[in-house]
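Quick notes on the structure that follows.
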Amino acid sequence: MFIAVLTDIAKLMLIAAGFFFGLGVYVRNTRPLWSEPLQKRRLVVASLIVLAVLILDVTEDTIGGDSGPIDRAILQFVHRHVPGMLHDFFAAVTLTGSWAALVPLTILATLVLALMKHRREALLLFASLTTSALMIYVIKASVDRDRPALWATDLYWGSSFPSGHTLIVASFATAASLCVKRIRPAIHGYAVAISLIWVFLVALSRLIIGVHWPTDVLAAACIGAFIPLALSLALAIREPGKVSATGRGL
């Protein structure tokens, strides 16, 4: 099993590397105006390609049922090894990924950014969250995966794939980190660390309370990060002259 996992990872990395190289050739030959903004954001481009490959691979395994055994094994492992005293903590953590928490937070953050004249950052944050909400609805309706029923849990309705809580938190956290990078680059590292911890805890909380499979939260985290990264890159390509002059692309 370990060898199979390593083989699968190596295959995915080769596919991602091929896409990265192919995109570079395509841009140089057909979209020369994109070259400078994309060159400045090689890490973002590489991240988007890796995320896209992971999303497609996990979704394919989920729809095909190939992820079932490892999903079940991981979920049972988490259930056995997380102390009961932590369940209340993770129940509180999962609430931070609810619509009741993130809709007001997104509206408030968007308004504050707009009032502070950071209109591009406000657009990125708001567009990331609204796009993520649409993606959650479309994918859940398309995949319609049953939720885990390995032990008694609180009732949650709707498709299990992907985890809406994880996706929306990953989208907000990634968009917020990108905004911090432009506004306060000195603390960008701290923003990224906080974002990663938040996404990890919310994803883990969904497993601990038993309402999602591991592939649900993995795909959700990847999709949630992909959306704001893709939007920020699109904004940078749209205004290459401005980005080149300031050197502060998202």
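The values are calculated or read from the model by the stated rules, or taken from the named source; none is laboratory data. Quick caveat: nothing in here was measured; it's all calculated off a predicted structure. Note that each Cβ is placed from the backbone with ideal geometry, even for glycine, and that neighbours are counted across all protein chains shown.
Results, tabulated for the structure shown:
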{"item": "Unique match (being hydrophobic (A, V, I, L, M, F, W, C) and at pLDDT below 90) among Val243, Val217", "result": "Val243"}
{"item": "Counted residues, the stretch 166-209 - those being buried (at least 19 other Cβ atoms within 10 Å of the Cβ), farther than 23 Å from His87 by Cβ and hydroxyl-bearing (Ser, Thr, Tyr)", "result": "4"}
{"item": "Flag if Thr62 is part of a helix (DSSP H, G or I), at pLDDT 95 or above and under 23 Å from the mean Cα position of the chain (by Cα)", "result": "no"}
{"item": "Every pair of residues 6+ apart whose Cβ atoms lie under 6 Å, when the first sits in the stretch 60-73 and is under 14 Å from Ala219 (Cα atoms) while the second is assigned to a helix (DSSP H, G or I) and modelled with pLDDT under 90", "result": "Ser67/Asp61"}
{"item": "Residues (part of a helix (DSSP H, G or I), of a type outside the set (Ser, Thr, Tyr) and within 19 Å of Arg238 (Cβ to Cβ)) located in the stretch 29-47", "result": "Pro32, Leu33, Trp34, Glu36, Pro37, Leu38, Gln39, Lys40, Arg42, Val44, Val45"}
{"item": "Complete set of residues in the stretch 8-63 that are among the hydrophobic types (A, V, I, L, M, F, W, C) and in contact with a Ser or Thr (Cβ under 8 Å, 6 or more places away or on another chain)", "result": "Val27, Val44, Val58"}
{"item": "Residue within the stretch 28-35 that is surrounded by 13 or more Cβ atoms within 10 Å (Cβ to Cβ) and aliphatic (A, V, I, L, M) present", "result": "no"}
{"item": "Residue within the stretch 221-233 that is modelled with pLDDT under 95 and farther than 20 Å from Ser171 by Cβ present", "result": "no"}
{"item": "Residue within the stretch 192-200 that is within 25 Å of His118 (Cα to Cα), modelled with pLDDT of 95 or more, of a type in the set (S, T, N, Q) and touching a helix residue (DSSP H, G or I) at 6+ places or on another chain (Cβ under 6 Å) present", "result": "yes"}
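Conditions (1) basic (Lys, Arg); (2) surrounded by 14 or more Cβ atoms within 10 Å (Cβ to Cβ); (3) free of Cβ contacts under 8 Å to residues at least 24 places away in the same chain, marked per residue:
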{"residue": "Trp99", "(1), (2), (3)": "no, no, no"}
{"residue": "Ile107", "(1), (2), (3)": "no, no, yes"}
{"residue": "Arg119", "(1), (2), (3)": "yes, no, yes"}
{"residue": "Leu124", "(1), (2), (3)": "no, yes, no"}
{"residue": "Ala127", "(1), (2), (3)": "no, yes, no"}
{"residue": "Ala133", "(1), (2), (3)": "no, yes, no"}
{"residue": "Val143", "(1), (2), (3)": "no, yes, no"}
{"residue": "Leu150", "(1), (2), (3)": "no, no, no"}
